[in-house]
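Chemist: Below you'll find the structure I mean.
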Amino acid sequence: MKSIESFTHKELVDLLNKCWMTHDSMWFFNCLQEFGIETANRINKASIQSLSAIEIKRIKSALGMNDKPIKNFEEFKEFFIPASHLVIPDFMNVTWDFLGDNTLKWEFDEGNCISRLGVIDEYECGVIFRVQCWLDELGIGYKVNPEVEGCLMLSNGKCSGNIQLDFNK
């Protein structure tokens, strides 16, 4: 039997994220079964929004940032890169790029989506919404392009876009 102490950092983060994502998926699935897609979407987004306030404080504290505001793109990158490694698991197959004009670019590979539940045409994606809630909590202005309404994979054939950050909010 493998001891907890023998886990690498990456193995431990992956295991905890898989457990969290399974809980999140099962929570959404059971909410969907009990109350329907409209209520599941609404409660999911409300949960993400209320979680983000706590999550940001915890991550900033863990990174030794506490109440330090993020004032520019470089400081944002210094925060976002380790924060994303903590809570956005590799199996989600997302690529984050930092473009020179204060733009965070995202792209998800196909296959790790809620489509298995059979409600993809009515599902309101929470992943980019979570990042938006983080930005709100950090006091950073932003514009998302394209705006995420529903599932971009379904409507655009791919899930990718840009978040233009504004540090003068």
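The values are calculated or read from the model by the stated rules, or taken from the named source; none is laboratory data. A quick note: this is a predicted structure, and the numbers were derived from the prediction, not measured. In this analysis, Cβ positions are derived from the backbone assuming ideal geometry, glycine residues included, and neighbour counts consider all displayed protein chains.
Chemist: Identify, please: which residue in region 89-115 is among the aliphatic types (A, V, I, L, M) and closer than 16 Å to Val148 by Cβ and is, among those, modelled with the highest pLDDT?
Modeler: Initially, region 89-115 is screened for residues among the aliphatic types (A, V, I, L, M), giving 92, 94, 99, 104, 114.
Then drop every residue that is not closer than 16 Å to Val148 by Cβ, which leaves 92, 94, 104, 114.
Working: Met92: 81, Val94: 87, Leu104: 97, Ile114: 65.
It comes out as Leu104.
Chemist: Still on this structure: When region 16-75 is examined, which residues are found to be more than 17 Å from Arg130 (Cβ to Cβ), aromatic (Phe, Trp, Tyr) and loosely packed, with under 15 Cβ neighbours inside 10 Å?
Modeler: Result: Phe35, single match.
So that you can scan it fast, the table gives a plain yes or no per residue for (1) over 24 Å from Cys125 (Cα atoms); (2) not hydrophobic (A, V, I, L, M, F, W, C):
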site	(1), (2)
Ala46	no, no
Ser52	no, yes
Ile70	yes, no
Ile81	no, no
Trp96	no, no
Asp101	yes, yes
